[in-house]
Each structure stands twice: as structure tokens, then as C-alpha cells.
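Some notes on the structure that comes next.
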Amino acid sequence: MSAPSPSSTPPLVRLHEVRRRFLLGETAVDALAGISFTINSGEFLAVWGPSGSGKSTLMNVLGLIDTPSSGEVWFDGQDTRGLADDALTDFRGRRIGFVFQSFNLVPVLSALENVMLPLQIQGVPERQARGRAAAALDEVGLERFHGSRPDRLSGGQRQRVAIARALAIEPRLVIADEPTANLDSDNAAMVVALMRRLNHDKGVTFVFTTHDPRLLDQVDRRIHLRDGCIESDEHSA
Ligand SMILES: Nc1ncnc2c1ncn2[C@@H]1O[C@H](COP(=O)(O)OP(=O)(O)O)[C@@H](O)[C@H]1O
Ligand SMILES: [Mg+2]
């Protein structure tokens, strides 16, 4: 056997021939038509394509929220088909952070309390959760907004809270489905730049979707989806 090469490190995620079929009455729609690719730890990857191309379905499958109709999803070297529901929920809660288009913050909680939530769900003691949440908010530049409720924050600030919440669990992967779709172009660029910085400085692995090709400048890799198929998978030079 030859010495291990970097490529012999197992990928963070491996999708093999993933199909996700939805039945609409008599008709079957393949939101994902049998796609295969891998994501390595440390990547900064965008999935782009028009509305209906399968981006959200792919994020749900990558995030272990949805199960393929056929095919394999391996995460951290583990075949996720072998995980029962409870184990899958726990696996996901510890390894994957999510950011959504609509921010999904709890309106009656402060920014700090929102970021503490996933930690408390995992049983992290209150004091420790508070400290880690505060550090995550500082990391995204919201030092002065720990006590603010979402309705006192701008869209860009809300999405930064959501990114802090995703980071607080120290995930292996952050999945952001159209994180900029509800933001103006300045805030959209700011959110992508923030994710880029966290990737660069802290090694956080990001996959995000967008239908806006203008946001692709800063990514290392872009997967173009069309009709549930990978049209291209390009790495930047
Ligand atoms: N829960 C669902 N039930 C039925 N069809 C769905 C469902 N989710 C997605 N689809 C269909 O799958 C295709 C891809 O959708 P989606 O993944 O949401 O695309 P995108 O995020 O790129 O807009 C679309 O044709 C959509 O109508
Ligand atoms: Mg979508």
C-alpha cells in the first residue's frame, strides 16, 4: 500500500446516486434525479440554480432533515441509512447548524437566548450555554445586541444572530438555504462575506444556496443545479 494521500481522508459528506421523488397525485417529480458528490471539511460551497431546481431538497437531504427515495448519504464516514430516528436527530443536532431564508428566530427571546437554545436542547448547562452563545454573537459582530429581541434588529442583524446560533454548537457543517433571499443586496453581500470569514478564520464548512449568481464571487466551489441534476461543479482557481 502506498502512503495515505490527502484524498484518502474520508469526505465530510458523500452523496451517492441520491434521488428524491415527490408524488403529486399521479405524477412523480424527481426533485433530485440521482446525484453524487462529496464535500470535504473546510469547503465553502454554493449550490445555485433557478427556483424549483432542487436546492432546498438537496439542503434538506444534506442536513439529514429529509431522507432520499434511493441512494446513499454518508456523513463523517457513517452511512446515515443505519441511524434510527432518535439517533439521527441527535447526530444532526450535534453536527449540523442550519440557517434559513426567514431567519427562524424565536420572537420573544433575546438574541442571546436564541443562540443559547440549541445548546440547551443538547443539555449544555445554562452558564456554559450563556458563555458560548455570547462568544458566538461577538464572533458575528453583534457584541452590542445580546439583549435585543429580533424585532429590534435589522434583517442583516437577524441573519447574523441565526449564523451565531448555527455556530454555537460548533458544527461540522453549516447549511444555509437561501440565507440572503430576504435581504437587500448590501446585506446579502455582508452575510456571504461573514460566512466567508468564518470559513477562512475558523475553518467552518459552509454550504449555502442562492438563486443570485452575483453572490458566487467569493466561493471556492459552485454546484449548478438544474431539474434535480448537477449541471456543473466548478472549483475556483
Ligand atoms: N414536499 C414536496 N412535495 C412535492 N413536491 C415538492 C416538495 N418539495 C419540493 N418539491 C418539488 O421539487 C422540486 C424542487 O423543489 P425545491 O427543492 O424546493 O427547489 P428550489 O429550492 O431550487 O426552489 C420542485 O419541482 C418542487 O415543486
Ligand atoms: Mg428553495
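We did not get these values from a lab; they are worked out from the coordinates using the rules stated. Worth saying up front: this structure is predicted, and the values here are computed from it rather than measured. Please note: Cβ atoms are built from the backbone with ideal geometry, for glycine as well, and neighbour counts cover all protein chains shown.
Under 11 Å from the Cβ of LEU83, count the other residues' Cβ atoms, weight Lys and Arg +1, Asp and Glu -1, and hand me the total.
My count for the surroundings of LEU83 gives -2.
Binning at 5 angstrom from zero up to the longest distance, how are the C-alpha pair distances of segment 177-237 distributed in percent?
4, 16, 27, 25, 18, 9, 1
Can you tell me the dipole magnitude for segment 107-235 around its Cα centre, using point charges on the Cβ only (Lys, Arg +1; Asp, Glu -1), in Debye to the nearest 20? Could you put the intermediate results ahead of the total?
Numbers: 17 positive and 19 negative charges, 109 e Å.
Charge dipole, segment 107-235, about its Cα centre: 520 debye, nearest 20.
Net charge near LEU117, counting Lys/Arg +1 and Asp/Glu -1 over other residues with Cβ under 13 Å of its Cβ?
Working: positive: ARG130, ARG132, ARG165; negative: GLU113, GLU126.
Once all neighbours under 13 Å are counted, the net charge is +1.
Could you run the Karplus curve 6.51 cos²θ - 1.76 cosθ + 1.60 with θ = phi - 60° over segment 180-188 and give me ³J(HN,Hα) per residue in whole Hz, x for Gly and Pro?
10, 5, 9, 10, 6, 5, 5, 5, 4
Suppose the Debye formula is applied to equal point scatterers at every Cα of segment 51-145; what is log10 I(q)/I(0) at q = 0.14, 0.17, 0.22 Å⁻¹?
For the requested q values the scattering log ratios are -0.68, -0.91, -1.15.
Mind listing the long-range amide H neighbours of SER41? Cut-off is under 5 Å, sequence gap 5 or more, other chains count too, H placed in the peptide plane at 1.01 Å from N.
Under 5 Å from the amide H of SER41 lie the amide H atoms of LEU12, each far enough along the sequence or on another chain.
Any idea what angle helix 126-139 forms with the longest principal axis of the chain, computed on alpha-carbon atoms, 0 to 90 degrees, nearest 10?
Value to nearest ten degrees: 80.
By the scheme Lys and Arg +1, Asp and Glu -1, what is the net charge of all other residues having a beta-carbon under 14 Å from that of LEU215? Could you put the intermediate results ahead of the total?
On the way: positive: LYS55, ARG196, ARG214, ARG221, ARG222; negative: ASP177, GLU178, ASP184, ASP186, ASP212, ASP217, ASP220.
With Lys, Arg at +1 and Asp, Glu at -1, the net is -2.
Using Cα-Cα distances under 8 Å and only pairs 6 or more residues apart, what relative contact order does segment 30-141 have, in percent? Present the calculation step by step, with values, prior to reporting the outcome.
Numbers: 51 pairs, mean separation 16.7, N = 112.
Relative contact order for segment 30-141 comes out at 15 percent.
Need one number: the % of Cα-Cα pairs in segment 115-212 sitting beyond the 20 Å mark.
On the way: 1698 of 4753 pairs.
The calculated P(r) of segment 115-212 puts 36 percent of pairs beyond 20 Å.
Restricting the calculation to Cα positions, tell me the Rg (one decimal) and the Dmax (whole number) of the chain in Å.
So, for the chain, Rg and Dmax equal 18.0, 60 Å respectively.
Reported to two decimal places, what Rg/Rh ratio describes segment 139-194 when computed on Cα atoms with Rh from the Kirkwood expression?
Taking Rg over the Kirkwood Rh, I get 0.95.
Tell me the relative contact order for the chain as a rounded percent, counting alpha carbon contacts under 8 Å between residues six or more apart. Before the final figure, lay out the partial values.
Working: 456 pairs, mean separation 64.7, N = 237.
Once divided by the residue count of the chain, the mean separation gives 27 percent.
Computed on alpha carbon atoms, what radius of gyration and Dmax characterise segment 2-102, expressed in Å?
14.8, 54
Based on the mean of other Cβ atoms within 10 Å per residue, sort peptides 66-72, 178-184, 211-217 so the most packed one is first.
Working: 66-72: 16.1, 178-184: 19.7, 211-217: 14.4.
Going from most to least packed, we get 178-184, 66-72, 211-217.
When the helix-only estimate is applied to the chain (DSSP H runs of n ≥ 4, each -39,500 (n - 2.57), divided by the residue count), what is the mean residue ellipticity at 222 nm, nearest 500 deg cm²/dmol?
Details: 6 runs with 76 residues, N = 237.
Here the helix-only value at 222 nm equals -10000 deg cm²/dmol.
Output the relative contact order of segment 142-237, whole-number percent, from Cα pairs under 8 angstrom with separation of 6+ residues.
22 percent
What is the packing order of peptides 22-31, 140-149, taking the mean over residues of other C-beta atoms within 10 Å and listing the highest first?
Result, highest mean Cβ count within 10 Å first: 140-149, 22-31.
By how many nm would the segment from ASP85 to GLU126 grow when fully extended, if each residue of separation counts as 0.36 nm and the alpha-carbon distance is taken off? Before the final figure, lay out each step's value.
Working: separation 41, 0.36 × 41 = 14.76 nm, distance 2.69 nm.
This chain segment gains 12.1 nm when fully extended.
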